[in-house]
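Down below is the structure, laid out as structure tokens.
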Amino acid sequence: MSTEIAQTDTDLATREAVERAVSLLRSGEVVALPTETVYGLGADAFNAEAVAKIYETKERPGFDPLIVHIEGKRALDTVASVPPDISRTVIQLVETFWPGPLTLILPKTDAVPDIVTAGLPTVAVRMSAHPVFKRVVRGLGHPIAAPSANRFGRISPTSALAVRDELDGRVPLIVDGGACSRGLESTIVRVEAGDPKPRLVILRAGPVTVEDLKPFGKPEIAEHNEAVENNAPEAPGMLASHYAPRTPLRLVAGPAEFRPETGKRYALLSYRGQEKDGFLGLADWDEVFVLSPGSGKLPEAGIRFFHLLRQLDQLPVDEIIAEPVPERGIGLAILDRLRKASARS
Ligand code: TXA
Ligand code: MG
């Protein structure tokens, strides 16, 4: 199969790209589409055979469920039945964060084929804010099931060329919507009734932060070790190894923890590229890539993270050393990806 890349840099090109994507999706094909978080590999969520192609194309194991992307808030009821005891909170979250990088886990309706949820009684739902994605999902008239458009366990793609690196020859079409404006996958939250506040269980940290969620309940980071041991991941990166570069990556807690070995070549993924953080002078780095040069801004670090990781992975070095980022805000999501990228299992 040859992979076409459709541009969206003019109105006419965008219209053609959207039409082409919709027509492929209608005929049961998979298409790579831009979202504000990362690129997705989409199929018609109501077409079980088309959804099966997503798993095949990504080489994704059948136990790992997909996210369903809806065209508008009102379409939520078609894919999920919101339990009355959490409906107020769900409405508040949807009104605040949709369209945007928040995915909610809710009981599914019969309209959602089992293959989408890997047999789970719940469905992951989000509404993307990307203008091109919005037009495609509206044009299709059905929700779009879409995981990140990388091969299973690999680095999530944040540009059309990154998708091509991952899936060239495996998909008929990549719609190029430019670089992703968030750069990290959506925050996944399961809402549970609670007294005095509802519990907001964060299954995957993302651009919507703990601080953002606080006004709506009690955010808690899910404990996922048990799920990993049973090989029954409750969510994404619940598998210990994920987002993995081919070159080994090591996340170090501080400069004292790293001593270069002679003869080995190293690249550094630095948070803000400052001498005073103690990493720059530690080794004769082959390359230093900086997430957010200067004072260090976590949203900027988030946007650049997967892009830089992908570039680092192309260098002829023996190991990538990653500085830690601050453990707050979007830093939690970056640290989560770094830990999984450094796990070699
Ligand atoms: O930002 C995003 O969320 C991107 C874009 C394309 O929307 N999508 C994405 O999909 O990151 P994916 O498949 O790479 O990660 C979604 C994760 C899955 O690994 C899965 O474990 C979790 O969401 N998930 C899906 N359905 C679930 C469910 N019913 N319960 C718990 N976790 C679920
Ligand atoms: Mg993924």
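The values are calculated or read from the model by the stated rules, or taken from the named source; none is laboratory data. Keep in mind it's a predicted model, so treat the numbers as computed, not measured. As a convention, Cβ positions derive from the backbone with ideal geometry for all residues, glycine included, and neighbour counts pool all protein chains shown. What goes into the accessible areas is simple: the full protein's heavy atoms, side chains included, and nothing from ligands, DNA or RNA. Shrake-Rupley method; radii C 1.70, N 1.55, O 1.52, S 1.80 Å.
Quick notes
- Once each of the GluC sites (Glu not before Pro) sitting in a DSSP loop with at most 12 other beta-carbon atoms within 10 Å is removed, the chain keeps 60-222 as its longest stretch.
- Percent accessible area from carbon and sulfur atoms, the chain, protein chains only, probe 1.4 Å: 49
- A Förster radius of 35 Å combined with the Cβ-Cβ distance from Glu300 to Arg259 puts the calculated FRET efficiency at roughly 0.70.
- Unit charges at the beta carbon, dipole of the range 1-122: most positive-side option, Gly100, Pro61, Met1: Gly100
- Between 0 and 90°, nearest 10: helix 87-97 axis offset from the chain longest Cα axis: 60
- Cα long-axis angle, helix 11-26 against the chain (0 to 90 degrees, to the nearest 10): 70
- Projecting the Cα atoms of Ala145, Ser87, Ile155 onto the charge dipole of the chain (Cβ charges, centred on the Cα centre) puts Ser87 farthest toward the positive pole.
- In the chain, excluding the sites themselves, the longest stretch lacking any of the trypsin sites (Lys or Arg not before Pro) that are in a DSSP loop with at most 12 other Cβ atoms within 10 Å is 1-245.
- Compactness of the chain - radius of gyration and Dmax, Cα, Å: 20.0, 62
- At the residue level, Leu161 shows approximately 100 square angstrom of accessible surface with a 1.4 angstrom probe and all protein chains present.
- Taking every Cα-Cα distance in the range 110-191 and sorting them into 10 Å bins starting at zero, the pair-distance distribution P(r) comes out as 14, 42, 38, 5 percent.
- Per residue solvent-accessible surface (Å²) - the range 1-114, probe of 1.4 Å: 44
- Dipole magnitude of the chain about its Cα centre (Cβ charges: Lys, Arg +1; Asp, Glu -1), debye to nearest 20: 360
- Cα gyration tensor category, rounded, prolate or oblate, for the range 1-156 with a/c compared to 1.5: oblate
- Cross-link pairs beyond the 31 Å C-alpha cut-off, checked among Lys53/Lys73; Lys53/Lys264; Lys297/Lys340; Lys58/Lys108; Lys58/Lys214: Lys53/Lys264; Lys58/Lys214
- Cα extents of the range 249-344 along the three principal axes, largest first (Å): 38, 28, 19
- To the nearest ten degrees, helix 331-342 and the longest principal axis of the Cα atoms of the chain are 70 degrees apart.
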